[in-house]
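This report refers to the structure that appears directly beneath it.
The values are calculated or read from the model by the stated rules, or taken from the named source; none is laboratory data. Computed from a predicted structure; not experimentally measured. Here the Cβ positions follow ideal geometry from the backbone for every residue, glycine too, while neighbour counts run over all protein chains shown.
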Amino acid sequence: MIRTPEVKNEIFNNVYEFLSSFPGEIEFVKSVNQFYKSDFEKVGLTDFYESYYLNKPIEVLYSSPGEEPIFSNLHSPHMRDFLKLTKIYRERIGIDDKSIVIILTEINAVREYENWNWDMNFGILTTKISGDFIEFKEVHYKLSLAHELTSMILRIKMKLRPRHSFHKKPCGCINDYLFGIKDLPIKLRTADICDECCDIIDREKISDKLITHILDILDGIRTQLLFRMKFNRRIQAVSISVNENNKILLPTLGNLEIKLTPLFKTLFIFYLNHTEGISFSDLAKYKDELNKLYRKLNKRIPDKEIGLTIDMVLNKDTDFFSINKSRLNSAITKQLGEPLASFYKISGKPREAFKINVPKELITIHTNTLSAFRNQV
Ligand SMILES: [Zn+2]
């Protein structure tokens with residue numbers, strides 16, 4: 001996965017991290033770099049780059065009264081230009097021909113279907129939010145991009161030609177064409193492959209493992225979307241895991257992520273690992289664990305600040321701990337809704353032990369994160 005410079009890193013990361021939270025046959029790899037100016041120059045898009053990215057005024061070649069002006073450098077990239085960009089990228093990073101390169105871009109490439117050899121491992125994912133989509137919430141945006149990218153991998157593997165890659169008549173298949181914003185929630189909930197597509201999958205000998213992985217991801221998207229649409233219905237605790245990248249996920253809800261600031265996350269994971277409960281007065285005994293955990297979860301700030309912040313948490317003369325505990329709890333409520341949130345909040349009366357009430361058997365913490373704790377290796 002690589003992005004063109006205008007695509008926000010946050011969007012790129014969100015989609016990547018969501019996709020890679022599902023284990024399976026496909027290994028998602030995120031490019032550290034984007035395309036450079038020199039890449040655009042190499043494929044003959046210097047003018048485009050300058051007018052698009054550097055806001056260089058467009059030169060008017062010809063204009064007469066009452067007629068549309070003709071511009072010299074209003075050259076919009078074609079699909080083949082993207083293909084050339086991909087080639088440069090493959091060579092630079094050393095990516096083999098079998099790996100699929102998917103470009104995330106806001107640039108509206110000119111689609112050309114004639115003389116187009118589509119038997120290649122390459123795809124363009126348009127991230128631009130058009131008029132219709134603006135009212136759409138951020139989460140739907142991430143899920144829809146993830147859905148599109150996943151089904152795109154399948155279409156590439158199926159060797160579908162662009163003009164015939166979608167079903168014009170919707171049949172509940174992941175390859176249905178999206179007609180407008182009103183169809184998007186339906187499309188996102190689709191995790192089926194129709195008979196016609198199944199035949200192609202057989203013919204192209206696409207492995208079951210790959211199909212299973214794709215369906216797992218699409219299923220995750222559907223589950224997460226349904227959960228968000230019905231927000232409050234879950235009254236049972238669900239399993240919670242902290243993965244190797246220290247992300248807090250609810251696997252049965254389509255890997256729904258609980259997003260927290262590093263300090264909140266530190267407190268949350270700390271209590272998640274101490275289901276026996278720990279009172280505020282005993283918390284100082286775990287200073288070392290808190291320091292290590294906070295260090296692990298907040299790589300950006302210097303050691304000195306890590307220590308100072310944890311000292312503030314443990315300071316009995318201030319309300320720092322209880323204020324942050326309340327804020328953490330409201331962040332969880334906001335993301336999960338009640339009653340589900342009640343299982344994951346740090347609860348307890350002052351002077352008694354505080355604890356998270358999710359049953360211990362539903363908690364999985366990756367060894368990478370656990371290494372911050374005293375009794376773990
Ligand atoms: Zn189909």
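Remarks
- Matching option when the condition is aliphatic (A, V, I, L, M), surrounded by 18 or more Cβ atoms within 10 Å (Cβ to Cβ) and at pLDDT below 90, among A372, A331: A372
- I301 passes every criterion in (1) in contact (Cβ under 8 Å) with a residue 12 or more places away in the chain; (2) among the hydrophobic types (A, V, I, L, M, F, W, C); (3) assigned to a loop (DSSP other than H, G, I, E, B) apart from (1).
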